[in-house]
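What follows is a single structure, written as C-alpha cells, with notes after it.
The values are calculated or read from the model by the stated rules, or taken from the named source; none is laboratory data. This one's a predicted model, so the numbers in the text were calculated from it and none came from an experiment. Note that each Cβ is placed from the backbone with ideal geometry, even for glycine, and that neighbours are counted across all protein chains shown. Protein only, heavy atoms only, side chains kept; ligands, DNA and RNA dropped before computing areas. Shrake-Rupley method; radii C 1.70, N 1.55, O 1.52, S 1.80 Å.
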Amino acid sequence: MKYTNSQLARNCFKILLAFLLASIPSVYSSSKISKNTIPTNWQVKYQPKNNSWQKVKQNFYYYAVDPETLDPALITGSNEMRMAEALFEGLLTYDPKTLEARPGVASSWTVQNEGKLYTFTIRKNALWSDGTKLTSHDFYHSWQRVLEAKTAASYAMQLYPIDGAEKYHKGQIKDFKKVGISCPDKHTLVVRLKQACPYFTDLAAFVTLYPTPIHVIQKYGDRWVRPEHIVSNGPFILKDWQHRQKLIMQKSSHYWAKENVKLNHVTALLQSDLETAYKLFLKGQLHWMDDIPLDKLEELLYRPEYYVMPFLGVYFYRFNVNKVPFNDSRVRRAFSLAIDRLSITQQVTKAGQRPHSHFCPPMNDFTAITGPAHNPQKARMLLEQAGYGKGGKVFPEVELLYNTSEGHKKIAEAIVQQWEDELGVQVSLRNSEWKVFLNDMKQMNYDICRSSWIGDYADPNTYYDLFITDGGNNRTGWSHEVYDDLLKKSTYTSNPSLRISYFQQMEKILSHEENPIIPIYQYVNQGLLQQNVNGWYVNNRDIHPFKYIWLDRELAK
Amino acid sequence: MIHYIIKKLLVFPVTLFFLMTLTFFLVRLTPGGPFDSERSLDPVVEEAMKEKYHLNAPLPQQYLHYLGNCLKLDLGPSFKHKATSVNEIIAATFPNSMLLGSLSLLLALAIGMAAGIIAASRHNTFIDYWAMTLSVLGLSLPAFVLAPLFQLFFAMKWSLLPVAGYNGLASPAYLILPALTLSLPFAARIARLTRGGMLEVLNQDFIRTAKAKGLKERTMICRHALKGGLMPVITFLGPAFAALMTGSLVIERVFKIPGLGQEFVEAALNRDYTLVSGTVLVYGSLLIICNLISDLVCAWVDPRVRF
C-alpha cells in the first residue's frame, strides 16, 4: 500500500532516522564527562569472512528515481538520502544493523553538562574528494548554510536542538557566533544544545547535518552538485549523472576507511516503472529494488529474493474536528472502534502490515500503550450517546478524502463498508490528484482524510509533536490543553522514564479519549534483493549503507 | 505560395506567445503549489523558496519576468530538479524523443504504406481483409498493453532484445521495441489512409485508360495511383510527426527512455511551473512547424492544392 501515492509522495515525505537507544546511556549519565561506548569490533563484524569476494566484479546496480538534488542541505527524500549517504559522511554514521550511532568523520565524542554539551573529535585523515582537509570549520560553515533562510533548507529544523539555531534560522538573532556551535581547533567541534536531546547523536548522522564543501559551493552556486563540479567526503564519489538514465558512484580514493569499502561502482538505474524494474531484476541487471509492483505481490511472496520488514511509518485517517459531526469526540471514537484493522491488513494490504489502533509505532525502547480493540458494540453505543441512530438525529453526509491511487481506494472502500455495516452510517468517497489533495488537507477542506506519517527520527517526539495546537502538521483543527502541556514537559525533562510516561499519557489522549485521528496500521518495507548481496541488513528505517555491501559471487545468467 | 509561408511564419511567434501566456496563468490557477508536500513547510523556508523562484512577486510582475527570460531563450530553473535548468532538461530529453520519433515514423510509413498498397491492389480479397483486420488491432491496442507484451516475449521469453534502456544510436537494440510499439497505431492509420486514397484513384478514368493501354500493374500503381493515393497520408503526417516526436509517457516509462513525454506529465503533476511552460512551448513549436511542412509537401505533390 505504501508508495502508492506515487514516488512524489514517497520522495517528499518518506523520511528516516535517529535512534534513542544509543544515546541514552551517555546522555543521562550525570553531569560528569561521559565518553561514548562504541564496541571496538563493530566495523570488523561487518567484514567478509573470506576473500572470495575479491574475485567478483564489485559493481552494484539498484533501482532508484532521478534525484531532485544531491545537496545534503536540501535533501528531503529517502531516495536522495541513500545517494547522499554514499557520497557524503556526517560526524557519525548508522550501524547498518542496529542503527546505533557509530563514528564517522568524528572518531569519538563526549557528552557533558547533563547531555547539553557535545564535543566531537574530527579525525585527522578526513579528506574531501579533491584532496583538501576536512576540518571542524567545514561543519561550522555547512550548518550555518543550512540555517541561513536563503538556503531554503526544508530540514533546517533538524538543527533546532542546538542552542540559538532556531532563532538564527528565523532571523531573530543575526550573529551566527551566538549559535551553540564552535571550533576550538581544526579537529574539535563543540555543540551546545538548548536542552538535553536524547536523539542528538542520531541527528549527527542525518543527511542535513552532513558537511558540504563550502569552497566548491561558493564557486558554482546551485550547480555545485553536478558531476563536473561536485566534491564530497564519503566512501564514494559521483562519476556520472545522466538525467533519468543513471547515476554512477565510484569508490573514493580519499575516504578515510577506503580499505573497508568493497564495491567499486554503485549504479542507480533511474527508473520510474516498477514492472520494468522487476523484469530487469529477473534478468539479473539489478541487485536491489526497494519497492515492488504491488500487483505482483502474490507471486513475489514465494521468491527467495523477496524481503519484507516493518517500517517506521503509520497509515492513518484524520478527522476535521471543526465540522459536525466530528466535532464530537464520541463520534470519532465510534468510527475508530468500528474498524476491524486486522481484516484490512490481511485481506486488503496483504504484505504483513501491522494493524494497530494507537498512533506511535514501536521503536527500540518505546512501545506505546495498545489502542482500543475492535468493538462495534461500544461504537454503536457511543454513536447513540452522541445523539445519532434510532430516534436520534440523522447522521449528516460526510466524505472520506484520499489521493487517487488503487491502494488507498481499496482500503477506503473496505473501511467505509465496515462503518456502514457496524454503525449504519453512509460515508461517501472522494479522491483527488496528489497536489489537489494536499491543498484540500492543508485548507481543511475535508471531513475525514487519508494520511500517513514517517518519523523524522526514531524518537516518539516526532510523532506526538504532530498534534500540538496549531502545529503545521496538525491539520485536524484539534487542540487539547493537557496534551500540549504534556508535550512541553516531555521536551524539557531529562528523566527518561518520566519522558516515556508523558508520551504514554499523550498516546492515551490521542487514541483512547479524543481520537482526532484513526490509526490503521504500521507500514512495511518490501523489496527484492539478489542472493549474492552481502552486508545488507534488515532494519526499520530502510537504511542500508553501500559501504558495507559486497557481492560474493557472480549472478547466474 | 511564398506569401503563404511568410504569413504562417509571421503568425508563429504570435501563436507561441498566446500559448505561453495561457500556460503561465493556467498552471498557476491549478490548486496546490510546487512546494506542497504531506509535511508542512516551515514558513521561513517557504518564504525563501518563493523568493528564490520569484514566486512572491505579484503575478503580472512574475509574468513579465518570465516573458523577458523567454525572449532570451532562458526557460528558468526547474523547481523539482533543483540542480538543473529547464533548458538543460529539454536539451537532455528532446533529442531522445526526436530520435525515437523519427525511427517510429519511418517504421510506420514502411509498414503502413506497404500494407495499404497491397490491400488496395488486392481489393476485396483475402489479403485485403487480413491487412485491414490487423490495422484495426494496431489502432485499438494501447501502448500499455503492447509494450509489456513485447517485453515479455522478445526480452523475457526469447531473450532476443534487451528489456529496457537507452543509449542512443550507439546501442540500436534498445530502440527496436519502443520504436515498434510507438509506430504501430500510426502504421495502422497510414495503412487505412493509403488504401482509401488509392482505391479512390484506382477507380478513376485515367487508370482505366492506362490499364487499357496495357501498362504493367506495378508501373501503374507506382507511377500513377500512388501519387494521388498518398495525399491523405501526407496530410496526416504533419500531426502524426508532432505526436511521435513529443514522446509517449507509457513507452518512455516502460522502456526506460529518457524522453520529453514523461517530463511533461510529471512536471504537471509536480506543479513544476517552469518545466510545464517550457515543455508546452516545445510541443507548440513542433506542432506548428510540422503542420506547416505538411502543408508545403501537399502543395508540392498535388498541383491542385494552392494556398
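Here are a few things to note about the model shown:
- Where Cα atoms sit under 17 Å apart: lysine pairs in segment B:1-94 separated by 8 or more or lying on different chains: 4
- Overall form of segment A:87-136 per C-alpha gyration tensor (a/c, 1.5; a/b vs b/c): oblate
- Residues of type aspartates and glutamates that A:Lys435 reaches as a straight line, Cα spacing below 14 Å, ignoring anything fewer than 8 places off in the same chain: B:Asp36, B:Glu38, B:Glu266, B:Asp272
- The Kirkwood hydrodynamic radius of chain A, based on inverse pair distances between different Cα atoms, is 24.9 Å.
- Ordered from largest to smallest accessible area (heavy atoms of protein chains, 1.4 Å probe), the residues A:Glu399, A:Glu228 come out as A:Glu228, A:Glu399.
- For segment A:296-350, the Kirkwood radius over C-alpha pairs fed into Stokes-Einstein at 25 °C and 0.890 mPa s yields D = 170 µm² per second.
- Square roots of 5 times each gyration tensor eigenvalue, C-alpha, segment B:87-270, largest first, Å: 36, 18, 13
- Put A:Lys262, A:Lys167, A:Lys219 in order of accessible area, highest first, and with a 1.4 Å probe you get A:Lys219, A:Lys167, A:Lys262.
- The distance from the alpha carbon centre of segment A:289-367 to that of segment B:33-63 is 33 Å, rounded to a whole number.
- Karplus 3J(HN,Hα) series, Hz, for segment A:443-457 with 6.51 cos²θ - 1.76 cosθ + 1.60 (x for Gly, Pro): 7, 6, 9, 7, 9, 10, 9, 5, 8, 8, 9, 10, x, 7, 7
- Against the criterion of solvent-accessible heavy-atom surface with a 1.4 angstrom probe, A:Val314, B:Val265, B:Val280 sort, most first, into B:Val265, B:Val280, A:Val314.
- Cross-link pairs exceeding 25 Å in C-alpha to C-alpha distance, out of A:Lys178/A:Lys219; A:Lys57/A:Lys239; A:Lys283/B:Lys256; A:Lys150/A:Lys219, comprise A:Lys178/A:Lys219.
- DSSP bridge pairs, the protein assembly as shown: antiparallel proportion in percent, nearest 5: 75 percent
- Enclosed volume per residue, in Å³, of the convex hull spanned by Cα atoms of chain B: 173 Å³
- For A:Glu100, nonlocal amide neighbours, meaning residues 5 or more places apart or on other chains whose placed amide H falls under 5 Å from its own, are A:Asp95.
- Cα centroid separation - segment B:276-307 against segment A:471-525, whole Å: 63 Å
- Rolling a 1.4 Å probe over the protein heavy atoms leaves A:Tyr537 with an accessible area of roughly 50 Å².
- 3J(HN,Hα) along segment A:285-297: 9, 10, 8, 8, 10, 8, 7, 10, x, 4, 6, 9, 3 Hz, from the Karplus curve 6.51 cos²θ - 1.76 cosθ + 1.60 with θ = phi - 60°, whole Hz, x for Gly and Pro.
- Averaging Cα coordinates gives a centre for segment A:98-113 and one for segment A:158-221; these two points are 16 Å apart.
- Cβ-derived FRET efficiency at R0 60 Å, A:Gln385 paired with B:Tyr63, nearest 0.05: 0.60
- Solvent-accessible area of B:Leu202 with every protein chain in place, 1.4 Å probe, in Å² to the nearest 10: 40 Å²
- Proximity of backbone amide H atoms, modeled 1.01 Å from N, is registered between A:Ser452 and A:Phe316 at under 5 Å, excluding neighbours fewer than 5 places apart on the same chain.
- Compactness check for segment A:338-390: Cα Rg over 2.2 N^0.38 Å is 1.45.
- A:Tyr306 sits with roughly 30 Å² accessible to a 1.4 Å probe, with DNA, RNA and ligands left out of the calculation.
- If only the Cβ of Lys and Arg carry +1 and only the Cβ of Asp and Glu carry -1, the dipole of segment A:194-250 around its Cα centre is close to 140 debye.
- Proximity of backbone amide H atoms, modeled 1.01 Å from N, is registered between A:Leu127 and A:Leu134, A:Trp256 at under 5 Å, excluding neighbours fewer than 5 places apart on the same chain.
- Per-residue HN-Hα couplings for segment B:16-21 [Karplus 6.51, -1.76, 1.60; θ = phi - 60°; Hz; x = Gly/Pro]: 4, 4, 5, 4, 5, 4
- Only helices enter the 222 nm calculation for chain A: every DSSP H run of n ≥ 4 contributes -39,500 (n - 2.57), and dividing by all residues gives -7500 deg cm²/dmol, rounded to 500.
- Between A:Glu305 and A:Ser108, the distance separating the two model label sites (each 7 Å from Cα on the Cα→Cβ line) works out to 4.5 nm.
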